[in-house]
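The values are calculated or read from the model by the stated rules, or taken from the named source; none is laboratory data. Remember, it's a predicted structure, so these values are computed and weren't measured experimentally. Methodologically, a virtual Cβ is constructed for each residue, glycine included, from the backbone with ideal geometry; neighbour enumeration extends over all protein chains shown. Note: accessible area is taken over every heavy atom of the protein model, side chains too, but ligands, DNA and RNA are not part of it. Shrake-Rupley method; radii C 1.70, N 1.55, O 1.52, S 1.80 Å.
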Amino acid sequence: MIETTKIYRRDIDSPSQTYVQLTVVHDDEEDTATYIAHRAEDGTMSEINLACADVAALLDILDSAHHGRNAL
């Protein structure tokens with residue numbers, strides 16, 4: 001198993017020096033869930049595990065949103 005972690009971080013210019021972070025963890029083993037964590041500006045964390053089919057659907061939705069199309 002080869003695990004890959006990608007992290008996106010956006011610093012917030014505020015007195016509290018907070019940041020937004022998105023973490024995605026996946027591995028090369030077939031049918032393994034992809035872990036996604038989101039840290040909001042207020043420090044709260046949200047976490048989900050997505051099956052392979054869910055990841056494909058999410059990518060379609062994000063691509064449509066990025067290009068201003070209605071995915072649903």
Quick one: count up the residues across the range 27-42 that are loosely packed, with under 14 Cβ neighbours inside 10 Å and under 23 Å from GLU3 (Cα atoms). 4
Being out of contact with any strand residue (DSSP E or B) (no Cβ under 9 Å at 6 or more places or on another chain) and of a type in the set (D, E, K, R), is that true of even one residue in the range 47-55? no
Within the range 54-68, is there a residue that is free of Cβ contacts under 8 Å to residues at least 60 places away in the same chain and touching a His at 6+ places or on another chain (Cβ under 9 Å)? yes
Which of the residues spanning the range 1-12 are surrounded by 10 or more Cβ atoms within 10 Å (Cβ to Cβ), in contact (Cβ under 8 Å) with a residue 12 or more places away in the chain and charged (D, E, K, R)? GLU3, ARG9
Of all residues in the range 13-26 being open to solvent by 30 Å² or more (accessible area, probe 1.4 Å) and out of contact with any Ser or Thr (no Cβ under 6 Å at 6 or more places or on another chain), the one that is nearest to GLU41 (Cα to Cα): TYR19
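Could you please find all residues in the range 23-72 being acidic (Asp, Glu) and more than 28 Å from ASP11 (Cα to Cα)?
Correct list: ASP28, GLU29, GLU30, ASP31, ASP54.
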Residue match in the range 43-62 (condition: open to solvent by 70 Å² or more (accessible area, probe 1.4 Å), among the acidic types (Asp, Glu) and outside any helix (DSSP H, G or I)): yes
